[in-house]
Amino acid sequence: MTLLDGILLAFLIICAVSVSVTRNLLESIIIYMGFSIIMSIIWLTLEAPDLAITEAAVGAGVTGLLFLATLKKIHAIKAEGDKNKEDKPDEK
Amino acid sequence: MKSDGFFSRLNSFVEYGSMREEDLTLSPSEKHKTIDTDIPENRWLTTVQNSEKPVGARIATWVSHRGVEIFDRLYRVAAAFICFTLIGVLLSVVAFLPAFGDEDAPAVNEVVERYVSKSVEETGTTNAVAGMISAYRGFDTLGEAHVLFAAACSVIILLRVDDPERRHGKLVDPVMTGEDMDFEPNSDLVLRKAAKVLVPLSFIFGLYVILNGTTSPGGGFSGGALMGAGLILTSVAFGFGRTERFFGDEMYHLVKTACLTAYALMMAYFIYMGANGFPDGVWLGIPGSIISGGLILPINIAVGFEVACTMYCFYALFRKGGL
C-alpha cells in the first residue's frame, strides 16, 4: 500500500463517519459527494477506470444533485429567492 | 385523552412529567385523583385505583418516567455493540481475503482465463471489460437497462405533475403556491460562465467514452452518465427553457423507447445466433479501431443515450415535475 492509498482510505473513513455524525443535511450531502470523489480516485488506483468515471458522474454528480433537489423540495434548505416566509428551513 | 394511543401518552409523560393540561384546571385533591386513576388505561389498574398510593400506578409512572430513559440508554449501548461487532467481523474477514491481483485467488478460474485469452478474438474488443459486459454477459446488461427503465417509469408515476400549466412553470405566482418547482433556477454568473466551458466538454467526453467503449475503459453507462450530467448542468445554469427546446416529453419517449428496443433486438439476434463464440454474421472489425466489436458499439450507443435520458429525466421530475 502506497502513501497515497493510505491517505485516501483514511479520508474515506473520515467521510463515512462524518456523514452520519453531521446534523446538517446539506453538509452531509456535500460530504457524501466528497466520499464519492475519493472513492472514484480509489477505483482509479485499483485499475478500474470505467468504474471511476461512473462513480464520479453518478455518485458525486447525479445522486448528490437528486438529494439536493429533494432537500429543496421538502424545504430543508433555504432556496435562493424563496420569499415564502412561512416555510422556515428545518434546522435539523 | 382516552382516544390517544399509548405512545402519544408516553410522549406527553416524557415531556411534561405527569402534568397535563387537564391537571392544571382541577383542584389539588381532584388532581391527585386523576393522576392516579387516569394514567395508564390498563385494566389491572382499576382494582387499585381507590387506594391512597396504588402500587400499580407508581410502577406505571416509574416505567413511563424512567423506563424510557433506560430503554434509550440500552438502545444506544446495543446499537454501539452491534456496530462494533459488525466492524470486527468484517475486518477479520478482510484479513483472510486474497491479496489484490493474487493469481491463486478463487475468483481467478477458467472463466477469467477464457475472457482474457479469447475476448479479442471472439468479441473483437481490446477492452475486455466491454466484451464481457456487452457480449459474454449481454443478457445481464439488458436486464440492467430494463431496471433503469422501470426506475424511470416509477419516478414518472410518483413525481409527474398532471396539470400541464403547472408543469411548465406558467403559473407565475410562486409566493402563492410556495412550490419549489415554480421557481425558475436563479443561477448566478459564476455558474453560468463555468457551465459554458464545462457543458460542451462533458458532452464531448461522454460521446468519446461511449464511442471508444470497445477500445478503452468506459462504455455505455459511463458515457451516458456523463452526458446526463451535462444535460443537468445545462438546465441548472441556463434554466429549463434551454433544454426544453430540444428535449421535451416526445423526444424523451422517442429516444428512450428507440434505444431500448434497438438494444433488445440486437441482443435477441445475438442470443438467437448462439451468443458467445459463435459466428453471428456481424463484422467484428479490426480490434483496436473505433469501428470494432461487432454489435458492442451500437449496443454502447443505445445504452449511453438511454442512461443520459434517464439521468436527466430523474432530475427534471424531481425539480419541476415533468420533462
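The values are calculated or read from the model by the stated rules, or taken from the named source; none is laboratory data. Because the structure is a prediction, the values reported are computed rather than measured. Every residue, glycine among them, receives a Cβ derived from its backbone with ideal geometry; neighbour counts consider all protein chains shown.
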- Query: Is it fair to say B:A268 is farther than 20 Å from B:G223 by Cα, aliphatic (A, V, I, L, M) and in the same structural domain as B:A130 (by TED's automatic domain parsing)?
  - Reply: yes
- Query: Looking at the stretch B:49-61, which of its residues are surrounded by fewer than 15 Cβ atoms within 10 Å (Cβ to Cβ) and modelled with pLDDT under 80?
  - Reply: B:Q49, B:N50, B:S51, B:E52, B:K53
- Hits in the stretch B:214-226 (condition: within 11 Å of chain A (Cβ to nearest Cβ) and over 25 Å from the mean Cα position of the chain (by Cα)): B:S216
- Message: Just checking, does the stretch A:15-24 include any residue being at pLDDT 90 or above and touching a Cys at 6+ places or on another chain (Cβ under 7 Å)?
- Response: no
- Among the residues of the stretch B:252-283, count how many are hydrophobic (A, V, I, L, M, F, W, C) and surrounded by fewer than 14 Cβ atoms within 10 Å (Cβ to Cβ). 7
- Does the stretch B:245-264 contain any residue that is among the small types (G, A, S) and under 19 Å from B:R319 (Cβ atoms)? yes
